[in-house]
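Engineer: Below is a structure I'd like to ask you about.
The values are calculated or read from the model by the stated rules, or taken from the named source; none is laboratory data. Computed from a predicted structure; not experimentally measured. So basically every Cβ, Gly included, is an ideal-geometry build from the backbone, and we count neighbours across all protein chains shown. These area figures cover heavy atoms from the full protein model, side chains too; ligands, DNA and RNA do not enter into them. Shrake-Rupley method; radii C 1.70, N 1.55, O 1.52, S 1.80 Å.
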Amino acid sequence: MTRAEGDKDEFNRFVTGLGRGVAGALFLALPMLMTMEMWYLGFYMARERLFLLLLLNIPLLILLAHRIGFEKTFSWREATRDAAIAYGIGILTSLVVLTALGLLRGGMPASELVGKVALQSVPASIGAMLGRSQLGHSEDDADTRETSYPGELLLMAAGALFLSLNIAPTDEMMVLAYKMTIWHALVVSLLSIALMHGFVYAVSFIGGHELSPQTPWWHAFVRFTLPGYVVALAISVLALWIFERLDDSSPVEIMLSVIVLGFPAALGAAAARLIL
Amino acid sequence: MTRSEQGRHRESHDPHWIEWLTGLVSALLIAGMLGWIGWEAFTREATPPDLSIVVLATEKTGAGYRVTFDIANSATTTAAAVTVLGRLTEGEKIVEENHVIFDYVAAESKSTGALLFANDPAGRRVEIRAAGYTDP
């Protein structure tokens with residue numbers, strides 16, 4: 001193969017990666033792009049919290065890029081490049097879809113326009129990043145790799161954040177917390193832990209985790225599932241705080257909403273361990 | 001540490017002590033949370049919404065006057081669609097009457113809102129009270 005052909009091949013692969021990114025952004029962020037509360041949050045949420053969310057998204061994308069990426073990334077420099085591309089795709093996709101749906105209009109103040117696009121760009125960029133691993137056929141599945149313990153927890157945080165972003169802004173979240181009694185919360189909490197452990201270890205999905213035959217089951221439960229649930233709850237607190245759902249509420253009410261949101265967050269964390 | 005091979009992941013058999021420490025701390029946190037919730041479940045009685053209002057300030061705005069207030073719910077159930085009535089009276093005569101609806105006032109929590117009047121509340125009596133709610 002000549003060098004020019006090799007470059008062309010490389011270019012084609014890159015463009016395919018971009019296409020998958022856009023597809024991923026659309027698939028995974030469309031529910032949020034079409035959620036009313038997300039449009040409103042775009043203009044009324046506190047700017048410092050939006051800023052924090054946008055900043056947090058950067059290390060998250062770099063971590064995901066290092067793990068899956070548009071290309072097989074070897075260095076952190078390439079991971080950073082891929083993260084920037086994913087963020088870019090997220091912003092452009094949000095801009096195009098919000099405009100197409102008539103949610104961005106000429107007469108709106110700049111802060112509203114920017115806020116709406118910026119908020120949506122976070123889930124869209126995660127979607128763009130996941131696009132490759134979800135939609136592309138991975139050629140390098142057979143290789144052996146090791147995930148460090150903090151890396152495993154961070155992956156769970158990424159999964160929990162993605163599902164929390166879907167659900168935390170909706171009013172249904174708060175209505176559920178108001179309707180539930182404390183007994184319901186206890187059940188939801190235990191259910192979250194059980195499902196989290198079951199999905200990863202008991203049910204034999206491709207990508208599921210297994211233990212060495214001589215390791216008792218509770219080893220993984222203590223080392224991975226319980227910390228994973230704490231991570232999911234912490235992400236729930238963060239998501240609720242960012243979307244201003246905690247202000248002026250009593251500790252018990254806060255705990256109820258955290259447990260309600262912790263349910264999808266825990267499943268997201270478990271899914272991240274299976275998929276990524 | 002987790003080893004991934006052919007799409008399957010296998011947890012290592014001899015983990016670093018930090019994994020056990022994290023697991024232990026997490027177990028304590030979760031036990032603490034469940035313990036607290038369980039304790040609340042046994043001790044907390046469900047009381048119907050109990051709403052009270054405190055007027056915070058009266059300010060002049062471009063087109064009239066704004067009376068800001070806090071609405072607190074001291075009970076253990078949440079009230080939905082809480083209607084707050086504001087009335088400006090001078091002696092026996094009602095000068096102006098307005099209302100505002102809060103989507104929710106959460107249990108043991110408070111919310112803030114404002115009523116807007118065209119007439120100056122100064123020198124008149126401002127009466128703000130919760131007029132009703134629905135169960136969420």
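Engineer: Just round it to a whole percent: the fraction of Cα-Cα distances in segment A:144-203 exceeding 17 Å.
Structural biologist: Tail of P(r) above 17 Å: 61 percent of Cα pairs.
Engineer: Using a 1.4 angstrom probe on heavy atoms only, work out the carbon and sulfur share of the accessible area of the protein assembly as shown in %.
Structural biologist: 64 percent
Engineer: Between their Cα atoms, which of A:Lys179/B:Lys110; A:Lys179/B:Lys60; B:Lys60/B:Lys93 are more than 29 Å away from each other? It would help to have the intermediate numbers written out before the result.
Structural biologist: On the way: A:Lys179/B:Lys110 17 Å; A:Lys179/B:Lys60 39 Å; B:Lys60/B:Lys93 23 Å.
In this structure, A:Lys179/B:Lys60 lie more than 29 Å apart at Cα.
Engineer: Keeping every protein chain present and rolling a 1.4 Å probe, give me the accessible area per residue for the protein assembly as shown in Å².
Structural biologist: Details: 20010 Å² over 412 residues.
Here the per-residue accessible area is 49 Å².
Engineer: Which three extents, in angstrom, do the Cα atoms of segment A:46-125 have along their principal axes, listed largest first?
Structural biologist: Projected onto its principal axes, the Cα set of segment A:46-125 covers 46, 27, 15 Å.
Engineer: Calculated FRET efficiency, B:Leu29 and B:Ala63, Cβ-Cβ r, R0 51 Å, to nearest 0.05?
Structural biologist: Calculated transfer efficiency: 0.50.
Engineer: Now for a separate question. Rounded to the nearest 500 deg cm²/dmol, what is the calculated helix-only ellipticity per residue at 222 nm for the protein assembly as shown, with -39500 (n - 2.57) per DSSP H run of length n ≥ 4? Could you put the intermediate results ahead of the total?
Structural biologist: Numbers: 12 runs with 229 residues, N = 412.
Calculated from helices alone, the mean residue ellipticity at 222 nm is -19000 deg cm²/dmol.
Engineer: Suppose the Debye formula is applied to equal point scatterers at every Cα of segment A:1-137; what is log10 I(q)/I(0) at q = 0.17, 0.18, 0.21 Å⁻¹?
Structural biologist: These q points yield log10 I(q)/I(0) values of -0.87, -0.95, -1.17.
Engineer: Between A:Ser111 and A:Leu55, take the C-beta separation as r, use R0 = 22 Å, and let me know the FRET efficiency to the nearest 0.05. Show your work: numbers first, answer last.
Structural biologist: Values: r = 18 Å, r/R0 = 0.82.
In this case the efficiency is close to 0.75.
Engineer: In segment B:51-134, what is the volume of the convex hull around the alpha carbon atoms, normalised per residue and reported in Å³?
Structural biologist: 84 Å³
Engineer: Give me the inter-chain shielding for A:180-186: mean count of other chain Cβ atoms within 10 Å, whole number please.
Structural biologist: Per residue, the number of nearby Cβ atoms from other chains is 5 on average.
Engineer: What does the net charge come to around A:Val252 if you take all other residues with beta carbon closer than 9 Å to its beta carbon, with K and R at +1 and D and E at -1? Show your work: numbers first, answer last.
Structural biologist: Details: positive: B:Arg44; negative: A:Glu253, B:Glu40, B:Glu108.
With Lys, Arg at +1 and Asp, Glu at -1, the neighbours total -2.
Engineer: So, in nm, how far is label A:Asp9 from label A:Ala234 when the simple model puts each one 7 Å beyond its Cα toward the Cβ?
Structural biologist: 4.4 nm
Engineer: Let me ask something else about it. Nearest 100 Å² is fine: what is the total accessible surface buried where chains B and A meet, probe 1.4 Å?
Structural biologist: In total, this chain pair buries about 4400 Å².
Engineer: Using the Cβ atoms and a cut-off under 14 Å, what net charge is assigned to the surroundings of A:Ala158, where Lys and Arg are +1 and Asp and Glu are -1? Could the numbers behind the result be given before it?
Structural biologist: Working: positive: A:Arg67, A:Arg273; negative: A:Glu152.
Neighbourhood net charge equals +1.
Engineer: Also, quick follow-up: Placing one identical point scatterer on every Cα of chain A and ignoring solvent, what is log10 I(q)/I(0) from the Debye formula at q = 0.11, 0.14, 0.15 Å⁻¹?
Structural biologist: With one equal scatterer per Cα and no solvent, log10 I(q)/I(0) is -0.67, -1.03, -1.15.
Engineer: Nothing charged except the Cβ atoms of Lys and Arg (+1) and of Asp and Glu (-1): what's the magnitude of the dipole of chain B about its Cα centre? Round to the nearest 20 debye.
Structural biologist: Details: 12 positive and 18 negative charges, 43 e Å.
Computed charge dipole of chain B: roughly 200 debye.
Engineer: Let me know the mean shielding of A:218-227 by other chains, meaning the per-residue number of their Cβ atoms within 10 Å of its Cβ.
Structural biologist: 6
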